[in-house]
Amino acid sequence: MRAGPITIIVALLLILAAAVIFAYQGMTLPGDPMPAGGWIALTLGVAFSLIVGIGLMVLLFYSSRKGYGEPSQFGADDHRD
């Protein structure tokens with residue numbers, strides 16, 4: 001392997017390690033538990049994000065299958081006035 005892919009892999013692994021350490025510290029530090037309003041907001045935020053993401057992917061596949069992303073094709077007698 002060349003230096004470029006190795007550098008990218010190492011950088012991504014360091015970011016992953018930092019995220020795992022941050023998550024572990026956040027779950028083990030003492031403090032007040034999340035209030036009910038926080039859980040409701042978290043649940044609604046995750047649900048809304050999933051709905052938007054899934055909806056956009058459905059539209060992407062639908063438009064791809066129907067050919068809406070293809071360039072326009074004009075006939076020989078089609079011209080602008």
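Since every read-out is calculated from the coordinates, none of them should be taken as a lab result. Given the structure is predicted, the values throughout are model-derived calculations rather than measurements. Positions of Cβ are generated from backbone atoms using ideal geometry, with glycine treated the same way; all protein chains shown enter the neighbour counts.
Within the range 1-36, the set of residues being surrounded by 10 or more Cβ atoms within 10 Å (Cβ to Cβ) and among the polar types (S, T, N, Q) comprises just one member, THR7. Note on the range 16-35: residues that are under 26 Å from the mean Cα position of the chain (by Cα) and either touching a residue at least 24 places away in the same chain (Cβ under 8 Å) or in a loop (DSSP other than H, G, I, E, B) (or both) total 1.
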